[in-house]
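These notes concern the structure reproduced below.
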Amino acid sequence: MVGLGIEEAVVAALLVPEPAETPLRTVEVDGQALAYRRRGDGAAEAVLLLHGITTHSFLWEPVLAAHGGPGGRDVVAVDLLGCGASAKPLDVSYGLPAHAARIARLCAALGLERVHLVGHDLGGGIAQILAVERPALVRSLTLINTVGYDFWPVQPISALRTPIVRQLMMAALDAGALTAVVRRGLYHRELISPALMAQFRAPLATAEGRKAFVHFARCLDNSDLTGIAAALRGISIPTAILWGMADRYLPFAIAARLAAEIPGARLVRIATAGHFVPIDEPALLAEVLREQFDAAR
């Protein structure tokens, strides 16, 4: 990638203690309750963290602990509509543009004027849309093992679009296959624990949560991101692309293309992480984010 103006880094593992859980709050957006975790009071620079389809705001506890609170930034991790503890209506779109518009209104409701925007997985797709369509809202952009272009959806999510396969998949998740899905997404598989899996399973523990998960999958359309591909070249905010190189769900080609096409984007390869970078390497992620946020000043 020499000559493309991309700063590439290969980083190693760091140790991190287990952070205390940040309490959930709720705010009404478009008549629906959105749950979120917040460390900070609005007096400092804001950081907004967006998760993907198989997780919710618990994914960001290490970042909340490292960057939020007294002396830190105002860090908010939201449960997307249909996920985590947020409302789960089935008569509204969970497509990426709809989520992006909803997140912009969430920022207004919480008084977040400009944010360091961080997105993982589908949250990264939402972040791309916001960076293109609402640049005044975004102070810096960080994409972590994100969806992009037309390289997604991927199995097993795309299988949920077929009714018979969808029923089998949901039954399998109930039977414990979710553990295999999570293990496959980690580099440090020894991190699998009852407590971690309880976090992943919580939204799927009810019929309402399972229906919302399927609805989210059915709303996915990669044309939502191919449609903004050309506009990515016009992004002028500081951008970092982080990639866990052991990702078995999304191809590194997404990171390489994003880094090549977003002007000045920094590409950081993380050898000791899979798809779930915030779980595999939380301290390392927190440090890379610190560098990104400081550079954006």
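Readers should treat all values here as calculations from the given coordinates under stated rules, not as data from a laboratory. Small disclaimer: the values here were computed from a predicted structure and weren't measured. Here the Cβ positions follow ideal geometry from the backbone for every residue, glycine too, while neighbour counts run over all protein chains shown.
For the chain, build the charge dipole from Cβ charges (+1 Lys, Arg; -1 Asp, Glu) around the Cα centre, then report which of Ile144, Met245, Tyr94 sits farthest towards its positive end. Positive-end residue among those listed: Tyr94. Summary value for the range 131-236: 46 percent relative contact order, contacts being C-alpha pairs under 8 angstrom separated by 6+ residues. Among Cys219, Cys107, the ranking by other beta carbons within 10 Å of each residue's beta carbon, starting with the fewest, stands as Cys219, Cys107.
The Ala43 and Arg297 beta-carbon pair, evaluated with R₀ = 22 Å, returns a calculated FRET efficiency of approximately 0.85.
For the chain, excluding the exposed loop sites themselves (GluC sites (Glu not before Pro), DSSP loop, at most 16 other Cβ atoms within 10 Å), the longest remaining stretch covers 114-297. This structure gives Rg/Rh (Cα atoms, Kirkwood Rh), computed directly, and of (1) 0.93; (2) 0.98; (3) 1.07 that value is listed as (1). Counted by neighbouring Cβ atoms within 10 Å, the residues Ser57, Ser193 run from fewest to most as Ser193, Ser57.
Between Ala240, Ala265, Ala230, the Gaussian network model of the chain with springs among Cα atoms under 10 angstrom shows the greatest mean-square fluctuation at Ala230.
Count Lys and Arg as plus one, Asp and Glu as minus one, and take only other residues whose Cβ is under 13 Å from that of Pro251; the net charge is then 0. Charged side chains reduced to their Cβ positions (Lys and Arg at +1, Asp and Glu at -1) give the chain a dipole of some 400 debye around its Cα centre.
Considering only Leu81, Leu204, Leu196, the mean-square fluctuation computed in a Gaussian network model of the chain, springs between alpha carbons under 10 angstrom, is largest for Leu196. Each Cα pair under 8 Å and six or more residues apart adds its sequence gap; the mean of these over the residue count of the chain is a relative contact order of 24 percent.
Extents of the range 49-195, largest first, come to 44, 35, 28 Å (Cα atoms, principal axes, whole angstrom). Cβ crowding within 10 Å, taken as a proxy for footprinting-reagent exposure, orders Lys211, Lys88 from fewest neighbours to most as Lys211, Lys88.
Taking other residues whose beta carbon is less than 12 angstrom from the beta carbon of His188, and scoring Lys, Arg as +1 and Asp, Glu as -1, yields -1. Compute the distance from the alpha-carbon center of the range 116-140 to that of the range 76-92, in whole Å. Using only Cα atoms, the two centres lie 18 Å from each other.
What shape does the range 240-297 take by its C-alpha gyration tensor, where a ≥ b ≥ c are the square roots of the eigenvalues and a/c under 1.5 counts as rounded, a/b above b/c as prolate, and the rest as oblate?
Numbers: a/c = 3.00, a/b = 1.10, b/c = 2.73.
The shape class here is oblate.
All other residues whose Cβ lies under 9 angstrom from that of Val75 are scored, Lys and Arg at +1 and Asp and Glu at -1, for a net of +3. By DSSP, the beta bridges lying fully in the chain are antiparallel in about 25 percent of cases.
Taking each DSSP H run with n ≥ 4 as -39500 (n - 2.57) and averaging over every residue of the chain yields -10000 deg cm²/dmol at 222 nm.
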